[in-house]
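Scroll down for the structure; my scribbles are underneath it.
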Ligand code: DQA
């Protein structure tokens, strides 16, 4: 059976394409999801996607991934920097977790330098814009092989 990846997108990522394009680029979230899904298919995997502006929805999506999904790619957006509940949910997920950001958060405001997700992630892809979606799926392939 093909491995399944859950791609999670946090608050405000539904506005990609119109939101601060100088930082996040002109591509929409649908564009990035299509890239990730295509690469997953090329590598023999399936990809599900959920975007939410609500912390509890994302936490419950991680709960629902347990025992069902093989890996999680998460761009938790601003929740990256404060959501202990998402961090704890990801810690309870048994498979690899790849943390993803379009921008290089370490090169931005100091409040973005802290990630509560990183300690429970297998690794972080940050600063490569939309290419990060391809890189994240490739990272999952490596981690599952
Ligand atoms: C982001 C970086 C976060 O600091 C920010 O709050 C986002 C997007 C990124 O993809 O670069 O919403 O996760």
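Using only the Cα atoms of region 1-84, build the gyration tensor, take square roots of its eigenvalues as a ≥ b ≥ c, and label the shape rounded, prolate or oblate: rounded if a/c is under 1.5, else prolate if a/b is larger than b/c, else oblate. Judged from the Cα gyration tensor, region 1-84 comes out oblate (a/c at least 1.5, b/c at or above a/b). Take the Cβ atoms of residue 2 and residue 131, set R0 to 22 Å, and the FRET efficiency comes out at 0.40. Assuming R0 = 22 Å, can you tell me the calculated FRET efficiency for the pair residue 63 and residue 114, based on Cβ-Cβ distance, to the nearest 0.05? Working from the Cβ atoms, E equals 0.35.
Its DSSP H runs of at least 4 residues, each contributing -39,500 (n - 2.57), put the calculated 222 nm mean residue ellipticity of the chain at -10500 deg cm²/dmol, to the nearest 500. Would you please give the FRET efficiency between residue 85 and residue 26, computed as 1/(1 + (r/R0)^6) with r the Cβ-Cβ distance and R0 = 25 Å, to the nearest 0.05? Using R0 = 25 Å, I get an efficiency of 0.20.
Extending 7 Å from the Cα toward the beta-carbon at both residue 50 and residue 38 defines two label points whose distance is 2.7 nm.
Taking only the Cα atoms of region 41-98, how large is their convex hull per residue, in Å³?
86
Rounded, prolate or oblate: which one fits region 45-145, using the alpha carbon gyration tensor with axes a ≥ b ≥ c (rounded when a/c is under 1.5, else prolate when a/b beats b/c, else oblate)? Because a/c hits 1.5 or more and a/b fails to exceed b/c, region 45-145 counts as oblate.
Highest mobility in the GNM of the chain, judged by mean-square fluctuation with C-alpha springs under 10 Å and restricted to 86, 50, 100, is found for 50. Take every pair of alpha-carbon atoms less than 8 Å apart whose residues are at least six positions apart; their mean separation over the length of the chain yields a relative contact order of 27 percent. Spin-label pair residue 144-residue 18: with each label point 7 Å from Cα along the Cα-Cβ axis, the two points sit 3.4 nm from one another.
All of the numbers you see were taken from the coordinates with simple rules; none came from a lab. Everything quoted here is computed from the prediction, not taken from an experiment. FYI the Cβ positions are ideal-geometry reconstructions off the backbone, even for glycines, and counts take in every protein chain you see.
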